[in-house]
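The values are calculated or read from the model by the stated rules, or taken from the named source; none is laboratory data. The structure displayed is predicted, hence computed values, not measured ones. Quick reminder, even Gly has a Cβ in these numbers, built from the backbone with ideal geometry, and neighbours come from all protein chains shown. We work out accessible area using only protein heavy atoms, side chains counted, and drop any ligands, DNA or RNA first. Shrake-Rupley method; radii C 1.70, N 1.55, O 1.52, S 1.80 Å.
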Amino acid sequence: MKSIVAEHLVRTYRNGEVKALNDLSLDVEEGTVLSVLGPNGAGKTTVVRVLTTLLTPDSGSATVGGIDVLKHPEKVREIIGLSGQYAAVDETLTGWDNLVMFGRLYHLGKKASVTRADELLERFSLTDSARRPIKTYSGGMRRRLDLAASLIVQPKVLFLDEPTTGLDPRGRQEMWGVIEELVKGGVTLLLTTQYLDEADQLADDIVVVDHGKVIARGTSDALKKQVGGERLEVVVDAAHISVTMEAVAKVSGHAASLDEGLRKVSAPVTTGATALIEVLRLLDAGGIHPLDVALKRPSLDDVFMELTGHVAEDQVVVTDSARAKKKDKKSNEKKSSKKKGAQS
Amino acid sequence: MNALMDALIITKRQLLQLARVPEVLIFSTIQPVMFVLLFRYVFGGSIATGDPGGYVQLLMPGIFVQTTAFTLAATASGLAEDMTKGLIDRFRSLPISRSALVFGRTLGDGLLNVVVLAVMGIAGFIVGWRPSSGIFKIGLAFIFLLAFGYSLSWVGIFAGLSARDARVVQNLSFLITFPLTFLSNAFAPTTGMPRPLQYVAEWNPVSTMVAACRELFGLQNHFGATANSFPSQHPLTMSLIYMVVILAIFVPLSVRKYSHANKK
Ligand SMILES: Nc1ncnc2c1ncn2[C@@H]1O[C@H](COP(=O)(O)OP(=O)(O)O)[C@@H](O)[C@H]1O
Ligand SMILES: [Mg+2]
């Protein structure tokens, strides 16, 4: 069963000048996580707003939980939860006030609203700050409270619009943990993000969106394959380079290339780990002991750049440096090492 | 029934906000009280009236009406603020009636008016305001004032939905209500105005409201030189007509605009 189906959605702004959605279609299988991945301005928020009944498309159709979004928006609202790009809570009220109010607006009744609020505050580690106005919350706490508000009545389908944008690394990790927990609970999730590693981490399926269009779709593995598949890489002593190149080429079926500085021999392969074993066997038979052997797969960064061209490339750089500013040293190191691996 | 409950929860949210940030309530009552004192003691001496009890008797209805007229700005900027934050998206993705949010806000602003009017009444009493009619008529006057504020609240809703920025809305609504309250009989007799302005002042809903309140507080009908037109003869009726017309136009318009705001 498909929980979310969007078909040929078009939505323009400024008399058609800006095509926020340009014939966009996607679907999400029940109980799975789809990540809508795209740079700023790709149309992610717009598609979320259409699917959550907040925005009417110029044309196209959509169903959520089998219900037509355009014909029965009020029914759709009963089964969805939405946590938008900007925390949508009342800043002057406390976290507790907010959750109780939303509980009441979901018609939970007074007692049930209070119980549910306490439960959610506990679950999202907000009990200590429950009685403080949201104004005093950190970005991560705000997002968690916002997420809590969208879970008051267990939604069948959950929409999260850039849930970690603007969070520091710790807030991001916590948010990922929370989302992973939710997914275990069986909710269908549509999650938008600009971060490739986020999609990689959380989603079953990814659609890459740019300029209001889906430009690629698949699992993160499939997308990576689409870009170039795997490469076998062997680092050896200078003396063994030519023999190694022969062995790698034999396993690969393609000519091997050499990075002289690194003494790294590489070639594309399609057989995965088998190729790794084969080449090791060949080298071993020839008495060669490689210094390093690896099967490198392209990162989603590569996928993104390849698919969206230079515009997205800019975006990737922007998000990386934005994260670097937030002193996310670890993730940055990881990132740059990933890139190095992919480039070589 | 659910729709009313939803609206009341929104109203409650507004009251909670006041409880969390009491300064808002304090300032929204200090301002009219300040007006009472300013007009009473700064201008009061130089405005001659033939009334026993003096200027303060004429002044208080004027200030009551002015204050309720400013409800327009309060509602407009409060709603505009909600609209510009992501909060509005959450409200609209909830399974509640779409009019609940705007309806709830008008109720909340109406309740705020109750408090403000009470404080002003007490302040007026302290500086010598003594309505001479009976308790019933005085009560009726206050109900009238609240109803007037409530109807303008809906104009505020429309204004709040129309603009993108809360500050613009605030300035715009003051730009509308300020001349409206001064181009009236609220603080000085209209007889001093140039003739064309006198006509405007005479048909101005603020004037009819002020005249109606003065009547209900037991004063003679002080109007202007052209005082034989319909609004000057029947300020109560005319005020009622205004309120009904305002509500009849702006309630459906605002509710429609709110539920279609997503077409933007
Ligand atoms: N209300 C609006 N008026 C004009 N243009 C808009 C409006 N909302 C979105 N857009 C434009 O539509 C495109 C997609 O926006 P959005 O869906 O917010 O992108 P994303 O969420 O992927 O960053 C952008 O070019 C944006 O400028
Ligand atoms: Mg967005």
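Just the number, please: carbon plus sulfur as a percent of the accessible area of segment A:2-224, 1.4 Å probe, no ligands or DNA/RNA counted. If you can, show how the numbers build up before the last one.
Values: 4110 of 8540 Å².
The value for segment A:2-224 is 48 percent carbon and sulfur by accessible area.
What's the longest piece of chain A with no exposed trypsin sites (Lys or Arg not before Pro), counting a site as exposed if DSSP puts it in a loop and it has at most 11 other beta carbons within 10 Å? Before the final figure, lay out the partial values.
Values: sites that count: A:ARG14, A:LYS71, A:ARG131, A:LYS327.
After excluding every exposed loop site, the longest remaining stretch is A:132-326.
Using only protein heavy atoms and a 1.4 angstrom probe, determine the accessible area buried between B and A, summed over both sides, in Å² to the nearest 100.
The summed interface area works out to 2600 Å².
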Protein-only accessible surface order, largest first, of A:ASP58, A:ASP259 at 1.4 Å: A:ASP58, A:ASP259
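So what's Rg/Rh here for the protein assembly as shown, counting alpha carbon atoms and using the Kirkwood radius for Rh?
Details: Rg = 33.3 Å, Rh = 28.5 Å.
The Rg/Rh ratio comes out at 1.17.
Can you give the charge dipole size of segment B:122-264 about its Cα centre, rounded to the nearest 20 debye, using +1 on the beta carbon of Lys and Arg and -1 on the beta carbon of Asp and Glu? Could you put the intermediate results ahead of the total?
Numbers: 10 positive and 3 negative charges, 95 e Å.
Dipole about the Cα centre, nearest 20: 460 debye.
Given A:LYS111/A:LYS156; A:LYS2/A:LYS224; A:LYS110/B:LYS12; A:LYS71/A:LYS156; A:LYS213/A:LYS296; A:LYS44/A:LYS184, which pairs have Cα atoms separated by over 21 Å? Please list the in-between numbers first.
Values: A:LYS111/A:LYS156 23 Å; A:LYS2/A:LYS224 25 Å; A:LYS110/B:LYS12 13 Å; A:LYS71/A:LYS156 19 Å; A:LYS213/A:LYS296 30 Å; A:LYS44/A:LYS184 24 Å.
Correct reply: A:LYS111/A:LYS156; A:LYS2/A:LYS224; A:LYS213/A:LYS296; A:LYS44/A:LYS184.
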Considering the dipole of the protein assembly as shown built from charges on the beta carbon (Lys and Arg +1, Asp and Glu -1) around the Cα centre, which of A:VAL187, B:VAL65, A:ILE215 is farthest to its positive end? B:VAL65
Do you know which residues of segment A:93-124 lose at least 40 square angstrom of accessible area in the protein assembly compared with their chain on its own, with a 1.4 angstrom probe? A:LEU93, A:ASP97, A:MET101, A:PHE102, A:ARG104, A:LEU105, A:TYR106, A:HIS107
Indicate the residues belonging to segment B:61-99 that lose 20 Å² or more of solvent-accessible heavy-atom surface (probe 1.4 Å) upon moving from the chain alone to the assembly of all protein chains, ignoring ligands and nucleic acids. B:LYS85, B:GLY86, B:LEU87, B:ASP89, B:ARG90, B:PHE91, B:ARG92, B:SER93, B:LEU94, B:PRO95, B:ILE96, B:ARG98
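Return one whole number: the accessible area per residue of segment B:2-263 in Å², for a 1.4 Å probe. Walk me through the numbers before you get to the answer.
Values: 11320 Å² over 262 residues.
Ligands and nucleic acids excluded, the result is 43 Å² per residue.
Taking all protein chains in place and a 1.4 Å probe, what share, in percent, of the accessible surface of chain B do carbon and sulfur account for?
Working: 8240 of 11600 Å².
Roughly 71 percent, rounded to a whole number.
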Tilt relative to chain A, helix A:110-123 - C-alpha long axis, 0 to 90 degrees, to 10: 20 degrees
Principal-axis tilt of helix B:235-260 within chain B, Cα atoms, nearest 10 degrees: 20 degrees
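Relative contact order (percent) for chain A, with alpha-carbon contacts under 8 angstrom and 6 or more residues of separation?
18 percent
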Karplus-derived HN-Hα couplings along segment A:274-290 (A = 6.51, B = -1.76, C = 1.60, θ = phi - 60°), whole Hz, x at Gly and Pro: 4, 4, 4, 5, 4, 5, 4, 4, 4, 5, 4, 4, x, x, 9, 10, x
Those residues of segment A:29-62 for which accessible area with every protein chain present is at least 10 Å² below the isolated value (1.4 Å probe): A:ARG49, A:THR53, A:LEU54, A:LEU55, A:THR56
Chain A: angle of helix A:300-325 to the longest principal axis, Cα-based, in degrees nearest 10: 70 degrees
Segment A:2-224 - accessible surface per residue (Å², probe 1.4 Å): 38 Å²
Go ahead and set up a Gaussian network model of chain A, Cα springs under 10 Å, then flag whichever of A:LEU37, A:LEU54, A:LEU145 fluctuates most. A:LEU54
Nearby aspartates and glutamates by direct alpha-carbon distance to B:LYS137 (threshold 15 angstrom, same-chain neighbours under 8 apart not counted): B:GLU215
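Put B:TYR199, A:TYR106 in order of accessible area, largest first, 1.4 Å probe: what do you get? List each step's numbers first, then the result.
On the way: B:TYR199 110, A:TYR106 25 Å².
Most to least solvent-accessible, the answer reads B:TYR199, A:TYR106.
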With every protein chain in place, the accessible area of A:LEU167 for a 1.4 Å probe, in Å² rounded to the nearest 10, comes to 20 Å²
Rounded to the nearest 20 Debye, what is the dipole magnitude of the protein assembly as shown about its Cα centre when Lys and Arg each give +1 and Asp and Glu each give -1 at the C-beta? 1580 debye
A:HIS107 accessible area, assembled protein chains, probe 1.4 Å, Å²: 80 Å²
